[in-house]
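Colleague: I have a structure I would like to understand better, so I am pasting it below and will then ask my questions one at a time.
The values are calculated or read from the model by the stated rules, or taken from the named source; none is laboratory data. Remember, predicted model here, so these are calculated numbers, not experimental data. Cβ coordinates were reconstructed from backbone atoms using ideal geometry, including for glycine residues, and neighbour counts include every protein chain displayed.
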Amino acid sequence: MPSSDESSITIEIRVQPKSSRDGIDGLQNGRLKVRVSAPPEGVKANERLVDIIAKAFGVSKSSVEIVMGERSKLKTIRTRGMSQDEYDLFVKRLAI
């Protein structure tokens, strides 16, 4: 659980596993669309998703947690160390 001075947000994501490349493609139906080159076998795609999100948001991998949908393409993640305003700015930059 984050401390009182640490910001945390919850984000809904749609993952596309076995993609030709890794990356964030913007919003699709209100969810952040993330391409993951790893296959959806075991935890490979989830681990790669955490890597991609952590790098994109500038937080540590331990700050990114999958809270729902571990075995689904539709996931909910919680990211500590990022505010809603920072996330909104990130999404706005994707649309440019």
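Colleague: For the range 49-96, give me each residue that is of a type in the set (Gly, Ala, Ser), in a helix (DSSP H, G or I) and either under 23 Å from Ser20 (Cβ atoms) or touching a helix residue (DSSP H, G or I) at 6+ places or on another chain (Cβ under 6 Å) (or both). Please lay out each step first, then the result.
Modeller: Kept after step one, since they are of a type in the set (Gly, Ala, Ser), are these residues of the range 49-96: 54, 56, 58, 60, 62-63, 69, 72, 81, 83, 95.
Going one step further and asking which of them are in a helix (DSSP H, G or I), we end up with 54, 56, 62-63.
Answer for the range 49-96, where residues must be of a type in the set (Gly, Ala, Ser), in a helix (DSSP H, G or I) and either under 23 Å from Ser20 (Cβ atoms) or touching a helix residue (DSSP H, G or I) at 6+ places or on another chain (Cβ under 6 Å) (or both): Ala54, Ala56.
Colleague: I'm trying to understand the selection: among the residues of the range 74-90, which are loosely packed, with under 14 Cβ neighbours inside 10 Å, within 16 Å of Val59 (Cβ to Cβ) and in contact (Cβ under 8 Å) with a residue 40 or more places away in the chain?
Modeller: Ser83, Gln84, listed by residue number.
Residues are listed down the side, and each one gets a yes or a no for (1) closer than 18 Å to Gln28 by Cα; (2) in contact with a Gly (Cβ under 8 Å, 6 or more places away or on another chain); (3) not basic (Lys, Arg):
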position	(1), (2), (3)
Arg48	no, no, no
Asp51	no, no, yes
Ala56	yes, no, yes
Ile66	no, no, yes
Glu70	no, no, yes
Ile77	yes, no, yes
Arg80	no, no, no
Val91	yes, yes, yes
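Colleague: Which pairs have Cβ atoms under 8 Å, sit 6 or more apart or on different chains, and link a residue in the range 5-29 that is within 17 Å of Lys73 (Cβ to Cβ) and touching a residue at least 12 places away in the same chain (Cβ under 8 Å) to one that is of a type in the set (D, E, K, R) and assigned to a loop (DSSP other than H, G, I, E, B)?
Modeller: Cβ pairs passing all conditions: Arg14/Lys73; Val15/Lys73; Gln16/Lys73; Pro17/Lys73.
Colleague: Among the residues of the range 32-48, write down those that are buried (at least 20 other Cβ atoms within 10 Å of the Cβ), in a strand (DSSP E or B) and not β-branched (Val, Ile, Thr).
Modeller: Listed by number, the list holds a single entry, Leu32.
Colleague: If I filter the range 5-17 for residues that are assigned to a helix (DSSP H, G or I), touching a helix residue (DSSP H, G or I) at 6+ places or on another chain (Cβ under 6 Å) and surrounded by 18 or more Cβ atoms within 10 Å (Cβ to Cβ), do I get at least one hit?
Modeller: no
Colleague: Take the conditions over 12 Å from the mean Cα position of the chain (by Cα) and closer than 23 Å to Ser7 by Cα and apply them to Asp85. Does it pass?
Modeller: The answer is yes for Asp85.
Colleague: I need every pair where a residue in the range 51-63 that is aromatic (Phe, Trp, Tyr) has its Cβ under 8 Å from the Cβ of a residue that is at pLDDT below 95, sequence separation at least 6 or different chains.
Modeller: Hits for this filter: Phe57/Gly81; Phe57/Met82; Phe57/Glu86; Phe57/Tyr87; Phe57/Phe90.
For (1) among the small types (Gly, Ala, Ser); (2) farther than 19 Å from Met82 by Cβ; (3) out of contact with any Ser or Thr (no Cβ under 9 Å at 6 or more places or on another chain), each residue gets a yes or a no:
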position: Glu12; (1), (2), (3): no, no, no
position: Gln16; (1), (2), (3): no, yes, yes
position: Ser19; (1), (2), (3): yes, yes, no
position: Leu27; (1), (2), (3): no, no, yes
position: Gly30; (1), (2), (3): yes, no, yes
position: Val36; (1), (2), (3): no, yes, no
position: Pro40; (1), (2), (3): no, yes, yes
position: Lys44; (1), (2), (3): no, yes, yes
position: Ala56; (1), (2), (3): yes, no, yes
